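Undergrad: Following this message is one structure expressed as structure tokens.
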Amino acid sequence: MLECCFCSLFYRNFEKKTLVSPMTMSSIKIECVLRENCHCGESPVWEEASNSLLFVDIPAKKVCRWDSLSKQVQRVTVDAPVSSVALRQSGGYVATVGTKFCALNWEDQSAVVLATVDKEKKNNRFNDGKVDPAGRYFAGTMAEETAPAVLERRQGSLYSLFPDHHVEKYFDQVDISNGLDWSMDHKIFYYIDSLSYSVDAFDYDLQTGKISNRRSVYKLEKEEQIPDGMCIDVEGKLWVACYNGGRVIRLDPETGKRLQTVKLPVDKTTSCCFGGKDYSEMYVTCARDGLDSKGLLQQPEAGGIFKVIWLSLIF
Ligand SMILES: O=C(O)[C@H](O)[C@@H](O)[C@H](O)[C@H](O)CO
Ligand SMILES: [Zn+2]
């Protein structure tokens, strides 16, 4: 990999547009739109300009781009596990690869290192990451797993890469750094450390990127299993993918109540994002790794990309 020397870095804003409110919708349809057989699919991101869904397959070291119109997939292989991807304002993408933040040029498939974290922790890698409303790329680390959710604990930290390429560390002692998103007014940062079985909130200062006042807004119930990736909808409700739980759940962070459960035909649901026309669809990633041969037979679509659509009933 090359060292990056000059490029100014302002990530594209992720502001949602006119997502149709799920509350006004009555029934849902779930479809596997791509049988990708991901070992561990993660980090779905909608790219409006190309009508495409970006996602990664972490252990396969692949960043993928699925064109929702042509149904074609392009894949770029990098040299270490790639755990999240984000859009870059100047074109191309940024991704967390191993313990590095990298700029990814899709055309020539090159990756340029922007910053490295956890240099003294050889067994660590980045996990989930997302860009904040001011263009900082937040991502956390974890020890590499020996099996899903089996790892040396408290090895991870949460970081963000600023548009000028400097990195700030927020805290350490993280088990599995996972889902993250910001409230619609940018005043709250939501965060999941999977093995805490909790969805947490922090006060957020958009000007400085500082976080404070950590508290739990939801504790997962036993059958919901392990909280993984997360996104927010226009009503400020959180959608959390439940690893081993085969579902995404919609939470009200103000009341701490679960509002909706959407079950998928695969157990290892890892993350979700809104996309499609007017951001009215939800895309869900999942994993194949960790399923035994019986599980693979029962869940042939494991590792695929799922689309959830809300159908309004018109009388
Ligand atoms: O996708 C991730 O976030 C992790 O990299 C995965 O390994 C699993 O989801 C994790 O094991 C469950 O918490
Ligand atoms: Zn995850």
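The values are calculated or read from the model by the stated rules, or taken from the named source; none is laboratory data. Every value quoted in this text rests on a predicted model; they were computed, and no experiment measured them. Here Cβ is always computed from backbone atoms with ideal geometry, including for glycine, and neighbour counts include all displayed protein chains. Keep in mind that these areas ignore ligands, DNA and RNA; they rest on the heavy atoms of the full protein, side chains included. Shrake-Rupley method; radii C 1.70, N 1.55, O 1.52, S 1.80 Å.
Undergrad: Please give the peptides 141-148, 41-48 ranked by average Cβ packing (other Cβ atoms within 10 Å per residue), highest first, as a rough proxy for protection.
TA: The packing order, highest mean first, is 41-48, 141-148.
Undergrad: How much of Asp278 can a 1.4 Å solvent probe reach, expressed as accessible area in Å² and rounded to 10?
TA: 70
Undergrad: I would also like to ask the following. At q = 0.11, 0.13 Å⁻¹, what log₁₀ I(q)/I(0) does a Debye calculation on the Cα points of the chain give, no solvent, two decimals?
TA: After summing over all Cα pairs, the log10 values are -0.61, -0.88.
Undergrad: Please work out the Cα center distance from the range 124-153 to the range 168-216, rounded to the nearest Å.
TA: When both Cα centres are located, 13 Å separates them.
Undergrad: Under the rule of at least 5 residues apart or a separate chain, name every residue whose amide H is placed under 5 Å from the amide H of Leu259.
TA: Arg250, Leu251, Asp252
Undergrad: Calculate one ³J(HN,Hα) per residue across the range 265-276 by plugging θ = phi - 60° into the Karplus curve 6.51 cos²θ - 1.76 cosθ + 1.60, and present them in order as whole Hz with x for glycine and proline.
TA: x, 9, 7, 9, 6, 10, 6, 8, 8, 8, x, x
Undergrad: Can you tell me the length gained on complete extension of the stretch Asp205 to Leu296, counting 0.36 nm per residue apart and subtracting the Cα distance?
TA: Value of the extension gain: 28.3 nm.
Undergrad: With a 1.4 Å probe and all protein chains left in place, how much accessible area per residue does the range 198-315 have, in Å²?
TA: Ligands and nucleic acids excluded, the figure is 43 Å² per residue.
Undergrad: Given the protein chains as shown and a 1.4 Å probe, how many square angstrom of Thr208 are accessible, to the nearest 10?
TA: Spelled out: Thr208, probe radius 1.4 Å, area about 60 Å².
Undergrad: I've got another one for you. Full-extension gain between Arg154 and Asp67, please, as 0.36 nm times their residue separation minus the C-alpha to C-alpha distance.
TA: 27.5 nm
Undergrad: Another question, then. Straight distance only, please: which lysines reach the Cα of Lys122 with their own Cα at less than 19 Å, same-chain residues fewer than 8 apart left out?
TA: Qualifying lysines at Cα under 19 Å: Lys61, Lys100, Lys169.
Undergrad: Magnitude of the Cβ-charge dipole of the range 26-312, K/R +1 and D/E -1, about the Cα centre, nearest 20 debye?
TA: For the range 26-312, the charge dipole is close to 320 debye.
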